[in-house]
1. Show the residues, 5+ positions off or on another chain, whose built amide H is closer than 5 Å to the amide H of A124.
2. Rounded, prolate or oblate: which fits segment 110-167 when a ≥ b ≥ c are the square roots of the eigenvalues of the alpha-carbon gyration tensor, with rounded for a/c under 1.5 and prolate only if a/b beats b/c?
3. Which whole-angstrom value gives the distance between the alpha carbon centres of segment 56-72 and segment 28-54?
4. Note the listed values [x] 15.6, 45; [y] 15.7, 49; [z] 24.0, 80, then indicate which one is Rg and Dmax of the Cα atoms in Å calculated from this particular structure.
5. For segment 81-167, with all protein chains present and a 1.4 Å probe, just round the carbon and sulfur fraction of the accessible area to a whole percent.
6. Given L112, N160, V72, which one lies farthest toward the positive end of the charge dipole of the chain, if we put +1 on the Cβ of every Lys and Arg and -1 on the Cβ of every Asp and Glu?
7. At 0.36 nm per residue, and after removing the present C-alpha to C-alpha distance, how many nm does the segment from E114 to R17 gain when stretched out fully?
8. Grab the DSSP H runs of the chain that are 4 residues or longer, score each as -39,500 (n - 2.57), total them, divide by all residues and round the 222 nm result to the nearest 500 deg cm²/dmol.
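The values are calculated or read from the model by the stated rules, or taken from the named source; none is laboratory data. Everything numeric here is computed off the predicted structure, so don't read it as measured data. Counting neighbours? That spans all protein chains shown, and the Cβs are built from the backbone with ideal geometry, glycine included. To get the accessible areas, we keep the full protein, side chains included, count just its heavy atoms, and leave off ligands, DNA and RNA. Shrake-Rupley method; radii C 1.70, N 1.55, O 1.52, S 1.80 Å.
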Amino acid sequence: MSMIGEYVRLTPAELDRAVKDPDWALKFVEELIEAEPDEQPTAAEARCHDTGKTWHALDFLLRRLGFPVDIVHGEMEIPGAEDWGYGPPRYLTPEQVRLATDALAATPHQNLIENVTPADLAQARIYPDVIWERGESLDFVTSHYQALVPFFQAAARDGNGMLVWLD
């Protein structure tokens, strides 16, 4: 079973309701995921996004750079939320999304992996550690990072907050 980093963009009203009613949030998110077309919409059009198995590497690399917002795990807990896979969802406010978007724009993907090797990720036991132990390219991470940036840009443009969780 894989651990996947998941994101859903929410309007401020949807986010407010999600924080107040986590059961509604789960149903709403399930509906959004089902409603996304089979062919992937562009990041600017999508309401849902995932970073695949790169969530842990992204967290490691962003923390290493002193990133101002925890975009991998979310900043705030949803009170009373149940487990959505590997723990309850967390969220980012629209303001945090804007701050993260500015920081993402200032962090080209090359900077994310500068002076980092697969061996560094293996030594830090970054999930999925087997690929780093094999010495696979960090392009796996940067490709997901490059797809995450426009998703955040679209959310910031539209004034959205986000739910974030591991599934």
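1. none
2. Prolate shape, in that a/c is at least 1.5 and a/b is the bigger ratio.
3. About 22 Å separates the Cα centre of segment 56-72 from the one of segment 28-54.
4. Working out Rg and Dmax of the Cα atoms in Å from the coordinates points to [x].
5. Heavy-atom surface of segment 81-167 belonging to carbon and sulfur, 1.4 Å probe: 48 percent.
6. L112
7. Fully extending the segment from E114 to R17 adds 30.9 nm.
8. -14000 deg cm²/dmol
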